[in-house]
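**Q** One structure follows; several queries about it will come next.
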Amino acid sequence: MKKFAFTLAEVLITLGVIGIVAAITLPILVQNYQKNVTVTRLKKVYSELSQAVNLSVNDNTEVENWDFSLSAQDFLEKYLLPYIKTTKISEASKPTTVSTFTNTYSLLNGVTFSSKIFIPASSSGQQGFAIFVDINGKQNPNVLGRDKFTFYIFQEKKNYYNTGYGDCVKNIPRGGLYPDGYGFSRDRLLNDGWRGCNKKKDSSSSGYKVGSAGNYCTALIMLDGWKISPDYLW
């Protein structure tokens, strides 16, 4: 009986085709996995922060009545840390002053964050509390919109809040927790020349625009239903 088998040339050609397909698809699979991890961790930290704010409101009255004149560290210790399971991983250089960052903390899933009281542009009035999240801790790339994201706690209803590096949110309905970029249209979140999510790269030595470029990525991911859409600059 005649037996059929692949020739060596056929086997090599098949392996070559498989290698080419793998080379094309593997980076896409890895990138999709990274995006899924990013969204999952970001959604988790937002959930934990939201829960902490809600629990704090139950114990300390509405956000509108919180004391934003405290130092950043004191604000964090009074209003948020009692309601989040964290581990302190580094000391701030001057944690007692209003203008400096707090100590850095790690959540149970490895997400790290530090915070800062900031004074918006004079036309904005009240102070805000910024929370800077790094979803993979000390690992690279440490870039806004990739692994670094920003949330704010604002004290009162306001048309705009401005960090001094552009408007960070719009039409805040009440005091509470908001992502950077809250209230803006999707087009603004994506294309804003200073804080937009697709305007991060320029000719700087680091390859990324200095300042707040990429900050609106936080709100964009949430607006898109907790996913990273194809036009998101990854």
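The values are calculated or read from the model by the stated rules, or taken from the named source; none is laboratory data. Source: prediction; values computed, not measured. Cβ: placed from backbone, ideal geometry, glycine included. Neighbour counts: every protein chain shown.
**Q** Restricting the search to segment 198-230, which residues are surrounded by 13 or more Cβ atoms within 10 Å (Cβ to Cβ), modelled with pLDDT under 90 and of a type outside the set (Gly, Ala, Ser)?
**A** Residues satisfying the conditions are 198, 199, 200, 201, 208, 209.
Listed here are the residues, each with its yes/no results for (1) aromatic (Phe, Trp, Tyr); (2) closer than 20 Å to residue 34 by Cβ; (3) at pLDDT below 90.
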position: 115; (1), (2), (3): no, no, no
position: 121; (1), (2), (3): no, no, yes
position: 125; (1), (2), (3): no, no, yes
position: 133; (1), (2), (3): no, yes, no
position: 146; (1), (2), (3): no, yes, no
position: 153; (1), (2), (3): no, no, no
position: 157; (1), (2), (3): no, no, yes
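**Q** If you don't mind, there's one more thing I want to ask. Report, by residue number, each residue of segment 182-197 that is of a type in the set (S, T, N, Q) and at pLDDT below 90.
**A** 191
**Q** Would you please list the contacts, defined by Cβ atoms under 9 Å and residues six or more apart or on different chains, that run from a residue in segment 152-179 that is free of Cβ contacts under 8 Å to residues at least 24 places away in the same chain and of a type in the set (S, T, N, Q) to a residue that is surrounded by 15 or more Cβ atoms within 10 Å (Cβ to Cβ) and in a strand (DSSP E or B)?
**A** Sorted first by the residue in segment 152-179, then by its partner, the pairs are 159/170; 159/172; 171/158; 171/160.
**Q** Also: Pairs please, first residue from segment 28-49 and within 9 Å of residue 135 (Cβ to Cβ), second anywhere and charged (D, E, K, R) and crowded, with 18+ Cβ neighbours inside 10 Å, Cβ atoms under 9 Å, 6+ apart in sequence or on different chains.
**A** Listed pairs, sorted by first residue: 38/146; 38/147; 41/147.
**Q** Check every one of the strands (runs of 3 or more DSSP E) wholly within segment 154-197 and list those with 1 or more residues that are in contact with a helix residue (DSSP H, G or I) (Cβ under 7 Å, 6 or more places away or on another chain) and either polar (S, T, N, Q) or buried (at least 23 other Cβ atoms within 10 Å of the Cβ) (or both).
**A** In segment 154-197, the matching strands (runs of 3 or more DSSP E) lie at 158-162, 176-179.
**Q** Something else now. Tell me which residues, restricted to segment 61-88, are surrounded by fewer than 16 Cβ atoms within 10 Å (Cβ to Cβ) and without any contact (Cβ under 8 Å) to a residue 24 or more places away in the chain.
**A** Residues satisfying the conditions are 61, 65, 67, 77, 78, 85, 87, 88.
**Q** Looking only at residues that are more than 20 Å from residue 194 (Cβ to Cβ) and small (Gly, Ala, Ser) in segment 159-176, which one is modelled with the highest pLDDT?
**A** The qualifying residue modelled with the highest pLDDT is 176.
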